[in-house]
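The values are calculated or read from the model by the stated rules, or taken from the named source; none is laboratory data. What you see is a predicted model, and the numbers here were worked out from it, not measured in a lab. FYI the Cβ positions are ideal-geometry reconstructions off the backbone, even for glycines, and counts take in every protein chain you see.
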Amino acid sequence: MKKLSLALGLVSTSVALFNCDMLAAKTKLVPTAFSVQLPMVRQATVLYPFSGEYRASEFTQIVAETDGKIVEVYFKDGQHVKKGDPLYRLDEDYARLTLATAENEYRLAMQNLLEITRQYGSKEARALLAEQSVERARTRLLKAKSAMAKQTIYSPFSGKIGKNTQSAGTYVTPGTVLTDLVATDKVELHFSAPAAQMDAFSELVNDQDPENSPVVSVSHGNTTTYTDGTLHYVGSVIDQNTGNVDAYALFDNSNSKIIVGTKTRLYLNAPQKQKVMLVPQSAVQQIDGQSYVYVLNEQRVVLEQPIEPIYTKESFTGYVALSGGLSAKSFIVNDDEAPHLVGNRIEPSINVIEQLNEVLYR
């Protein structure tokens, strides 16, 4: 019923445009009829543009955890490695000997404890000394096993390995820095945005609901194809100079196409779709950096209307999305001559069927 009323209203408006002030129209010859139409109204995901920089989601230094001579390096500088890949192997001879000695000491200490306990009982002083000897041997054994396990150094996560600082044959001690590792499977896209605008997004991030995580998109060149990430962090400290807060999104980079350190344009997706108005791209005029469309008032006089184009996730070929500033009932002059018609009464040309379909679609 509502759509029918709107449609009838459109017909009435169209008739009024053609018939208003007929006497004036007859006294002033208009040589050309100009095409006019209503804006389209559609549901769309509004995108908020920002600039950001890709940064590593994780970084660590690879250090030696035990003494030993490096006998093998398994990677080349800048190589991509996976979690668990071996990076270095140290000489195991000394560690193996130490482990064997510790195992033998522990075995003998246990045998001695069992024999003393069997002969004298567990409360004898000799038995207590034997227990202490077992504990010391056990401590040395655990230390030897740990050292043996550290003779091969593995990658703690997947990423890009840095420059090797220690070549094969070098003797290293605990704490010696060997190289560094930057995570690449996931990257962070850092940006800053107005604090007031980020309040709603901050609440969604804090809810920690994966299904409702705010989306951040990056476009590929001038296409409308996007790669999506999820907003992971919104800061609470407001920059006193800009009024912005820091934020970052996480992006999958398992294909290693994203290069850490590069800057890019990003688009923060509105949490929900909303109604937006669309006007023909051919009806939009740029004057000194400001966008305008030209609309008719009830007397068929052309008026200049400033607009603010916005970005949407959905593609509407041939149309420009607006953030507001225009009534959905406004008739837009779709002609290159529109800027020169401001203040003049014109004869409108309306495709009534198309406009009825638009109103019914709404």
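Is it true that some residue in region 299-306 is within 34 Å of the chain's Cα centre (by Cα) and surrounded by 14 or more Cβ atoms within 10 Å (Cβ to Cβ)? Within region 299-306, none of the residues are within 34 Å of the chain's Cα centre (by Cα) and surrounded by 14 or more Cβ atoms within 10 Å (Cβ to Cβ).
Got at least one residue in region 318-327 being over 15 Å from VAL284 (Cβ atoms), out of contact with any helix residue (DSSP H, G or I) (no Cβ under 6 Å at 6 or more places or on another chain) and surrounded by 14 or more Cβ atoms within 10 Å (Cβ to Cβ)? For region 318-327, residues over 15 Å from VAL284 (Cβ atoms), out of contact with any helix residue (DSSP H, G or I) (no Cβ under 6 Å at 6 or more places or on another chain) and surrounded by 14 or more Cβ atoms within 10 Å (Cβ to Cβ): absent. Filtering region 269-301 to residues that are farther than 22 Å from VAL41 by Cα and modelled with pLDDT of 95 or more leaves nothing. In summary, VAL36 fulfils each of the numbered conditions (1) assigned by TED's automatic domain parsing to the domain that holds LEU303; (2) outside any strand (DSSP E or B); (3) β-branched (Val, Ile, Thr) with the single exception of condition (2).
The set of residues from region 67-114 being among the aliphatic types (A, V, I, L, M) and in contact with a Gly (Cβ under 6 Å, 6 or more places away or on another chain) comprises just one member, LEU90. Taking the numbered list (1) of a type outside the set (D, E, K, R); (2) within 30 Å of LEU113 (Cα to Cα); (3) not in a helix (DSSP H, G or I) in turn, VAL182 passes all entries but (2). Within region 229-244, residues that are under 13 Å from PHE191 (Cβ atoms) have Cβ atoms under 6 Å from residues that are crowded, with 16+ Cβ neighbours inside 10 Å and among the polar types (S, T, N, Q) in these pairs: VAL234/SER202; ASN244/SER192, counting only partners at least 6 apart in sequence or on another chain.
Residues are listed down the side, and each one gets a yes or a no for (1) part of a strand (DSSP E or B); (2) exposed (fewer than 15 other Cβ atoms within 10 Å of the Cβ); (3) not β-branched (Val, Ile, Thr):
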residue: GLN240; (1), (2), (3): no, yes, yes
residue: ALA249; (1), (2), (3): yes, no, yes
residue: LYS257; (1), (2), (3): no, yes, yes
residue: TYR267; (1), (2), (3): yes, no, yes
residue: LYS275; (1), (2), (3): yes, yes, yes
residue: SER282; (1), (2), (3): no, yes, yes
residue: GLN286; (1), (2), (3): yes, yes, yes
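Of all residues in region 261-309, those satisfying the criterion of being of a type in the set (Ser, Thr, Tyr) and either without any contact (Cβ under 8 Å) to a residue 40 or more places away in the chain or touching a strand residue (DSSP E or B) at 6+ places or on another chain (Cβ under 9 Å) (or both) are THR262, THR264, TYR267, SER291, TYR292, TYR294.
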